[in-house]
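Please read the structure below before turning to the comments.
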Amino acid sequence: MLPDEIRAAIGQWLASGEVDLFIGWEPGTLALTATPAFVRRAEDVDRLIWDATCEHNLTRFIRPYRDKTVGIMVKGCDARALVGLMQEGQLVRERLRIVGIGCDGVIDPRRVCERLGVESVEELDDARLDGNEIVCGQVRIPIAEVLFAGCETCQQRDPQVYDLRMGPEHDDAPLEDRYAHVRAMEALSEDERWERFTSEISKCNLCYACRNTCPFCYCNVCFAEQTNPQWLTPTAHDPDVAFFQIIRTFHLAGRCVACGACTRACPQGVDLRLMLDKLCADVADLYGYLAGEDVEAKPPLTTYRQDDYNDFVL
Amino acid sequence: MVAGMISRQALEDALRGWMQSWRVVAPVRQAGEVRFEELADASAVAWDYANSKHSAKGVYLPQVERLLTYTRMRDDLNQVKAADPPTGPTLLFGLRPCDARARLMVDRVMVDGVCRDRYYAARRDGTVVVGLACEHPRSTCFCGAFDSGPYDATGSDLLLRAAGDMYLVDVITERGSELAKGLALEPADDERTQLAEHAQAEAEEALRPTERLVGIEEALKGLWDDPLWPEISAKCLACGTCTYLCPTCHCFAVEDRVLGDGGERVRAWDSCMYAGFTVHASGHNPRPDQASRWRQRVMHKFSYLPENVDAYGCVGCGRCVVGCPVNLDIRQVLARVWEASRVQAEESGS
Amino acid sequence: MTEAHPHICRCAENAYLPRSMRIQRVITETDDREIKSFDLVPVDEGEPFRFTPGQFCELSIVGEGEAPFGIASAPVEESFVRFSIKRIGRVTTRLHSLTPGTVIGMRGPLGNGFPMGAFAGKNLVVIGGGFAFTTLRSLLVQIMQGGQRDRFGQLQVVYGVREPGLFLYREDLAAWQARDDIQVVQTIDVPVDGWHGQVGFVPQAVQELAPSADGAVAVICGPPVMIRFTLPVLLELGFGREAIYTSLENRMQCGVGKCGRCNVGAKYVCVDGPVFSMAELDELPPEY
């Protein structure tokens, strides 16, 4: 629910010209679906919503408007993307007006469909949110049971940067099993891991939805689209797919804030979160660093400490 | 023309027979979704599916298709051999009317015009379609906007209409008539005929009403510089999912793959949604932003294709609506087009 | 375009299969070595290669890909097919490294070519800038050497490049300069030591030449900025938009109007073009 006073404040930002544009969510055209909204006029703030269908990380949409003052709604994870972008000099705090949301997680429509025994969300005409449940006909499902997998172990539900705050406060004690799925993968044999990796990425067709939805994939010419030298062809050849996935994952080491937007955007259901969380876990283990916490912090891959892990040096 | 009626069991038997000499492709449930796959087991057909997540486009235009193979030699950089397009007939079974119409439109681009694409033509010429009328359109279906509907027979050689425990079999083309000869048909009785007609009426009723799209090419004429393009495309991620799922999208890239001492030149699905689609080697890009790319998508489907091949590049199947990660709904875009054209007409006082 | 030009789709069974052509000669055209001409001859006896000036081909190198190039030789130059290639990307860089004797692939002819029938009996004003002179050479050589000089009226040519070392086809230009049945104005952007010819951008040169629009047709090929500033000059001189022709470039792949990439509005540059009159372009959206 978007509190009235927040809605009014956003309207005031727009009416006064304090922001040129406000980016939030509005209801989508499918059940249990929200869609990014670009609001420029104060009278249009009534379009904005906040609920567990607001799964997109909106921070990637600021990119074309960096020289303007932009208002934006961010969940805990999205707020960390803002921090990371400020660390990398992509955004300037003074040109942002941030509504930070204490978030209890976003739903995974695929899990909802499974629970309701339908193949796809467009068959759920009358499904809707009601408080902390999803209602579809006679069936009520607690939202907490159909969250996106990453939200279940989230440690960053509260935004640490904002101008206005809404939503519950959480006590995010470190969860021991935040990287349980990564540890499970690490415990497999090399052959099993290769099998798991190749079977996941075999679903990929190089649509780049993951890259395009990620706030940190902002290169003007992505390596995947360079023509000279040309690294990839658009034919979704297995080696090309592996190349893209591996390089993108490594390019995000120390930067990915585990918002999960890529995994949710993937039309093929590739478990991108597994690979990216592996890198997050490694960066945490090796450098004691978690992305997006502190705008003053130096990212580990741009700093050197005497006691840095260097077992790989021959 | 109704050839008769047949039970599902008899149809499955017929499929088993056809599978002996045809490549039969039908909707089956796999990995939690319905897909068009080569049928290995006739009882696996998903008779009651709504529509497949991916279209059946891969049957007539494979996602990756080999055009030629080559060996690399030091002084000869054209040691090429044309790939043989598949011969042997394909039976495309259980295709919805929207998808059957989509295939006809792609035919016009690939086979008509200045050039007959021999690879596409070989697949097309050997394919027979047994369509399955659609009893339960979804909220995202808008075939009605094209003056079509869930029981449209266009593009099918035979059309099956569910009638209680049986299916009525309509013969649409001569190829269909030939195929029907191999079916254990009974004369269609009044009861089943009425059931089928009733189901059709309900299905057509269930179609969510949308603004008619026939004639939208006129509305698009004055809208080249309209602000609707940057507005509707702002949230587009340029992922191309819409173009991949679409049964009419057919744009492709021609690329060389190197495999050891040789390789293959393939064509693969490409998308106008990607920035690199039109970028020149010099770096110049006639469509430098998502707004101009979305304008191309809409113009191609609703203005250029009608002009060039007298068919729309959309059949209202709704897959792009379901698949888009940001819910960029083409129905809303088209409604904006109509609205913008009305505003323009008012402002110019016509 | 109502003329029936030769076209790969009418003379080949498979429009995607490149024909083997041997590089007979490599000519470095420009002083900076960025543009080279390749004269190709067919490897097999096969069908003679017929085309109209203005058409193009896709040159193919297996493992690298294909790229489209306007045909720079004229149909009358039966013993070779010439392409002038600027080194700019993957395929062109590879092409530039090739030596005579190497075989590459060629698919064509593609596109619509200049409407030679419509040009007959007319005075021609041919304007080229920089690298874009390739198909203009094909047009001019066909007229000058094809035994049909008297089918056409006055011939006036303006060719502008940044500096003298960037002119293509200097032998042809010198030969034409020596003739009195063609007027060739070569101009460079800014004065350079040793250059005694005209100095100034192409639009100025055309203005100074002031060709008559009476019974004349203009053909203009060059970078967009050159066309943008030369067009008003031609219009001022009285040329109608239906009498001004240009050749468009666009990213192409199939070359036969299927892959959906090179369209400008409802027209495909590879099939309905690359030659268009200004009047035709007026009907199309400005997306090129």
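General observations
- Spatially close Lys pairs in chain B, defined by Cα atoms under 23 Å apart and a spacing of eight or more places or different chains, total 5.
- Quotient of Cα Rg and 2.2 N^0.38 Å for the range A:138-244, N being how many residues it contains: 1.48
- Full extension of the chain between C:ALA120 and C:ASP150 gives 9.9 nm of extra length, using 0.36 nm per residue less the Cα-Cα distance.
- Positive-end residue of C:VAL81, C:ILE71, C:ILE104, charge dipole of the range C:19-109 with Cβ unit charges: C:ILE104
- Helix-derived mean residue ellipticity, 222 nm - over chain A, DSSP H n ≥ 4, -39500 (n - 2.57), to 500: -9000 deg cm²/dmol
- J(HN,Hα) series, the range B:216-230, from Karplus relation 6.51 cos²θ - 1.76 cosθ + 1.60, nearest Hz, glycine and proline x: 5, 4, 5, 4, 6, 4, x, 9, 4, 9, 5, x, 5, 5, x
- In plain terms, the C-alpha convex hull of chain B casts an average shadow of 21.1 nm² when viewed from every direction.
- For chain B, the membrane-span-like helices by this rule, meaning whole DSSP H stretches whose C-alpha atoms cover at least 18 Å of axis and whose Kyte-Doolittle mean is -1.0 or above, are B:8-21, B:97-110, B:330-347; this says nothing about an actual membrane.
- A cut-off under 11 angstrom between Cβ atoms defines the neighbours of B:LYS81, and their net charge, with Lys, Arg +1 and Asp, Glu -1, is 0.
- Sorted ascending by nearby beta carbons within 10 Å, beginning with the fewest, C:ILE127, B:ILE330 become B:ILE330, C:ILE127.
- Length, then width, then depth: along the principal axes, the Cα atoms of chain C run 48, 44, 37 Å.
- At 1.002 mPa s and 20 °C, Stokes D of the protein assembly as shown from Kirkwood alpha-carbon radius, µm² per second: 69
- For A:CYS210, net neighbour charge (Lys/Arg +1, Asp/Glu -1) across residues whose Cβ lies under 13 Å away: +4
- Residue-wise HN-Hα couplings along the range C:41-50, as the Karplus relation 6.51 cos²θ - 1.76 cosθ + 1.60 with θ = phi - 60° gives them from phi, are 10, x, 6, 9, 5, x, 5, x, 7, 9 Hz; Gly and Pro carry x.
- For the range C:19-109, radius of gyration divided by Kirkwood radius, i.e. Rg to Rh on alpha-carbons: 0.93
- Going by neighbour counts of Cβ atoms within 10 Å, the residues C:SER277, A:SER189 line up, fewest first, as A:SER189, C:SER277.
- Here's the picture: charge each Lys and Arg Cβ at +1 and each Asp and Glu Cβ at -1 in the range B:1-103, and of B:ALA44, B:HIS54, B:MET19 the one pushed furthest to the positive end of that dipole is B:HIS54.
- Net charge over other residues, Cβ less than 15 angstrom from the Cβ of B:GLU264 (K, R count +1; D, E count -1): -3
- With bins 5 Å wide beginning at 0, the percent of Cα pairs of the range C:116-247 falling in each bin runs 2, 10, 23, 25, 22, 12, 5, 1, 0.
We did not get these values from a lab; they are worked out from the coordinates using the rules stated. Here the structure is a predicted model, which means the values were calculated and not measured. Glycine gets a Cβ as well: all are built from the backbone with ideal geometry, and neighbour counts include every protein chain shown.
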